[in-house]
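The values are calculated or read from the model by the stated rules, or taken from the named source; none is laboratory data. All figures in this text were calculated on a predicted structure; none of them were measured in a lab. Here Cβ is always computed from backbone atoms with ideal geometry, including for glycine, and neighbour counts include all displayed protein chains.
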């Protein structure tokens, strides 16, 4: 009997000790169970900076795109007056107007030039851009003299003496007619905002091109080549215009 009891005692611990052992097992597993959700927590913490960095990159791209777009708009408008609007005269018949000659008796009727390509340039001796473009106009006039092109220089809100002195200084073109716009009637009919402004009329008497601001030989040449070929170049803003002396 005593040997049997001893064997039972060796088979397993008493109930109290077994309970304590089970408690210890549970306490030992407790940290392991709580450690499993720590992995997603670390992943989530790692994802947040990446998402935030991506958002900042997109914001930077949007800001850059806005700056580039604004720069393009400002660059396109640089040197032009913000109140300028496109001419409604493109594609319409030229005004039927008569201008007195600047340096001789008589008058020029625009309708008498029908059948030729006509370049009508509004200018003034007080106009700074007009001074810059004048040699270009003279060169184009000489180059297209045998191509059926007539240049008409319309002196705008100026004195005859200063206008003549301007031409004496800078020269006169071949196949070039200089007239004066008494009462600014021609400027009103052509919708002139300021000087210089240049209009091109085709052989049928239709306004097919307009240059705002100072023209130059390459621009004039390209425009005239298109008109002589029967095309309508439309309007080009090539710089600022001046509305009055000093303005």
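Quick check on my filter: what residues within segment 190-218 are surrounded by 19 or more Cβ atoms within 10 Å (Cβ to Cβ) and part of a helix (DSSP H, G or I)?
Hit for segment 190-218 is 190, nothing else.
Right, residue 232: part of a loop (DSSP other than H, G, I, E, B) and touching a helix residue (DSSP H, G or I) at 6+ places or on another chain (Cβ under 6 Å) or not?
The answer is no for residue 232.
Just to be sure before I move on: is residue 184 within 19 Å of residue 142 (Cα to Cα), more than 23 Å from the chain's Cα centre (by Cα) and part of a helix (DSSP H, G or I) in the structure I sent?
Criteria not met by residue 184.
Which of the residues that make up segment 180-189 are out of contact with any helix residue (DSSP H, G or I) (no Cβ under 9 Å at 6 or more places or on another chain) and crowded, with 16+ Cβ neighbours inside 10 Å?
187
Kindly indicate whether any position in segment 201-209 is within 22 Å of residue 131 (Cβ to Cβ) and at pLDDT 95 or above.
The answer is no; no qualifying residue exists.
Is it the case that residue 156 is within 19 Å of residue 222 (Cβ to Cβ), under 34 Å from the mean Cα position of the chain (by Cα), modelled with pLDDT of 95 or more and buried (at least 17 other Cβ atoms within 10 Å of the Cβ)?
The answer is no for residue 156.
Do you know which of the residues in segment 138-147 that are in contact (Cβ under 8 Å) with a residue 60 or more places away in the chain and crowded, with 20+ Cβ neighbours inside 10 Å is nearest to the chain's Cα centre (by Cα)?
Among those residues, the one meeting the criterion is 140.
Any idea which of 98, 133 is without any contact (Cβ under 8 Å) to a residue 24 or more places away in the chain and either surrounded by 21 or more Cβ atoms within 10 Å (Cβ to Cβ) or farther than 18 Å from residue 214 by Cα (or both)?
Sole residue among the options that is without any contact (Cβ under 8 Å) to a residue 24 or more places away in the chain and either surrounded by 21 or more Cβ atoms within 10 Å (Cβ to Cβ) or farther than 18 Å from residue 214 by Cα (or both): 98.
Can you report the number of residues in segment 193-243 which are under 20 Å from residue 148 (Cα atoms) and over 19 Å from the mean Cα position of the chain (by Cα)?
28
Would you pick out the residues in segment 109-118 that are surrounded by fewer than 19 Cβ atoms within 10 Å (Cβ to Cβ) and part of a strand (DSSP E or B)?
Scanning segment 109-118 gives a single hit, 109.
Sort through 140, 132 and tell me the only one that's outside any loop (DSSP other than H, G, I, E, B), in the same structural domain as residue 222 (by TED's automatic domain parsing) and in contact with a strand residue (DSSP E or B) (Cβ under 8 Å, 6 or more places away or on another chain).
Being outside any loop (DSSP other than H, G, I, E, B), in the same structural domain as residue 222 (by TED's automatic domain parsing) and in contact with a strand residue (DSSP E or B) (Cβ under 8 Å, 6 or more places away or on another chain) holds for just one of 140, 132, which is 140.
Tell me, yes or no, whether segment 116-137 has at least one residue that is over 33 Å from the mean Cα position of the chain (by Cα) and under 23 Å from residue 236 (Cα atoms).
yes
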